[in-house]
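So the structure is just underneath, and the comments pick up after that.
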Amino acid sequence: MNVLIAEDDQYCRQDLSDVLQVMGHNVKSAASGMEALGLLKAGLFDILLSDVDMPELSGLELVKIIKALALPVRIILVSGKADIIASMNALGKGAFDFMVKPVSVPNLEKILSDASAGLSGQSEILEQGRVDIDRVFRQSGNSEFIFCSEKMRQVRKKIERLREYPEIPALLCGASGTGKEIAAKFIHGEHTSDRPFIGVNIASLNSGTFEAELFGYKAGSFTGADPAGSRGKINAASGGTLFLDEISEIPLAAQAKLLRVIEAREYFPVGSDHPCKTSCRFLFSTNRDLPGCVSAGAFRQDLYYRISQVIIELPPVSERREDLIPLAASFILKLNNTLRRDVKYISGEARELLESHTWTGNIRELKNVITEAMLFSEGQTLLEHHLMPFLLRCTLPQNENNNSLLVPGFNLEIHNQKLVDEALGKCSGNKSEAAKMLGITRRKLYSRFRVI
Ligand SMILES: Nc1ncnc2c1ncn2[C@@H]1O[C@H](COP(=O)(O)OP(=O)(O)OP(=O)(O)O)[C@@H](O)[C@H]1O
Ligand SMILES: [Mg+2]
């Protein structure tokens, strides 16, 4: 096992380290509680063997912080006789066990063996309210495109209707990460169709070569052109779907030409006098306020009306929280294959955490958090502490209108913890300074840890 020793007495530290190494463990040592905390945050340890009585940050304070940060380590306190009652009280509040000095080797062996048995069995502990991933995925329709909330059911209904009419263009709107591209693929019928789906990110196209990319060009029509000419994206999408992502970024000069293609289903490759016909479905997406772009003169009104006959609005996660767990389940099932894991459940606490997070980055953020958590998870249950480090890293939600933090999905515990963590980090762990920065007393700072 990976064992960290926190002990301010140099001789005790060395003795413990020697004994543990002889037992075959990987051992690291810290001369203070603060140093131990730094090492715990940076790496993965199975066991922390911590002295209780240490200056600056005692073993008991360390237990509270570790619990508050949900760091996945089992803590064994090593106490002097004077600290026995406090150590006993720490049991169940974060400490796994405690030993009284002087430490006897058989006792140490027994406690470590209990702790390691607990560790391997930990993933099997099934809390109430846990999520059975297979069952949730089956209930959500076994689909690549998850839609359980009422809002998404409406979206799906609209999409299914639209599917029948490839000649009608549609605009997919929604904040970043809400699923505009996956919805476009669903409209196209990616998994049931062998017709092409051509996605073009307009923002990534160079305005000079925009038309050539989209409409194609004749051989030798401009310097630097491919001598064989190019068929262009519209032609490549023949019989299928052309998905123009971030349509607000299209150069003004190209807008009239695009309008003509959509209306007349006809276009001229660069350098050609012969019109080409197209039969593809046009889908557009934007995360910007297109009517606002029209008012600002950056987007042609006639083009806007043409592409927005059907608008599919992908709601942010904050308006469809019922989709969160089915989405998480579908990501976990896929990741089980790619990462060769066997995660079958989400614990009740982990589920609450997922449901209460703000998800300003929407479904993409959820997917990223689940992917990272899966990388570091073990066993069959995704637990709170697998998710916590990645959720804590996310930015605090901001409400642009009134700077209120109380946006949907607000979670006081995570906010408190982020702020306390940030303050401690900025003050290199100095609690008096951190408390000052947070505008609270040192005593309150401790009680914050207790609350969480
Ligand atoms: N309803 C859904 N079911 C399953 N997966 C989804 C769903 N919505 C989004 N996703 C997944 O979330 C991720 C982000 O979705 P997508 O790329 O479609 O978002 P987007 O709206 O196009 O974002 P951006 O504006 O940043 O380009 C993708 O990996 C996608 O597969
Ligand atoms: Mg996209």
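Things to note:
- Between L327, G208, N2, the Cα set farthest toward the positive side of the dipole of the chain (charges on each charged residue's Cβ, about the Cα centre) is that of G208.
- ³J(HN,Hα) computed for each position of the stretch 172-179 - Karplus, 6.51 cos²θ - 1.76 cosθ + 1.60, integer Hz, glycine/proline x: 9, 10, x, 5, 4, x, 8, x
- Partners for K431 among lysines (Cα-Cα distance below 19 Å; same-chain residues under 8 apart left out): K41, K64, K67, K418, K444
- Lys-Lys pairs in the stretch 244-391 that are eight or more residues apart or on separate chains and whose Cα atoms lie under 26 Å of each other come to 4.
- By DSSP, the beta bridges lying fully in the chain are antiparallel in about 10 percent of cases.
- Model label zone, R231; criterion: amide N under 16 Å from point 7 Å along Cα-to-beta-carbon; scope the stretch 171-194: 194
- Between the residues T371, L412, S140, the greatest Cα displacement towards the positive end of the dipole of the chain, with unit charges on the Cβ of Lys, Arg, Asp and Glu, is found for S140.
- Given +1 at the Cβ of Lys and Arg, -1 at the Cβ of Asp and Glu and no other charges, the dipole of the stretch 187-340 around its Cα centre is 280 debye to the nearest 20.
- The residue list P106, M23, L60 was ranked by how far each Cα lies along the charge dipole of the chain toward its positive end, using unit charges on Cβ atoms, and L60 comes out on top.
- Note on C427 and R260: the model spin-label points, each 7 Å out from Cα along the C-beta direction, lie 6.8 nm apart.
- Ordered by the number of other Cβ atoms lying within 10 Å of each residue's own Cβ, fewest first, D97, D134 fall into the sequence D134, D97.
- Helix content alone sets the calculated 222 nm mean residue ellipticity of the chain: runs of n ≥ 4 DSSP H residues at -39500 (n - 2.57) each, divided across all residues, give -13500 deg cm²/dmol.
- A simple charge model with +1 on the Cβ of Lys and Arg, -1 on the Cβ of Asp and Glu and nothing else charged puts the dipole of the chain at about 1080 debye relative to its Cα centre.
- Kirkwood hydrodynamic radius of the stretch 150-314, from inverse mean 1/r over distinct Cα pairs, in Å: 16.3
- Pairwise label distance in nanometres, C12 with N416, each label 7 Å out on the Cα-Cβ vector: 3.1
- Between helix 150-163 and the chain: long-axis angle, C-alpha atoms, 0 to 90°, nearest 10: 30
- Projected label distance in nm at L333 and K28, using a 7 Å step from Cα toward the beta-carbon: 3.8
- Share of Cα-Cα pairs in the chain lying beyond 34 Å, as whole percent: 51
- Full-extension gain in nm, I311 to A86, via 0.36 nm per residue minus C-alpha separation: 74.7 nm
- Shown is the FRET efficiency for S116 and E322, computed with R0 = 45 Å from the Cβ-Cβ distance and rounded to the nearest 0.05: 0.70.
- Only lysines eight or more places from K101 in sequence, or on another chain, were considered; those with a Cα closer than 17 Å are K81, K110.
Laboratory data are not the source of any read-out in this text; all were calculated from the coordinates shown. Values in this document were obtained by computation on a predicted structure and should not be read as measured data. Neighbour counts are summed over all protein chains in view; Cβ atoms, including those assigned to glycine, are modelled from backbone coordinates with ideal geometry.
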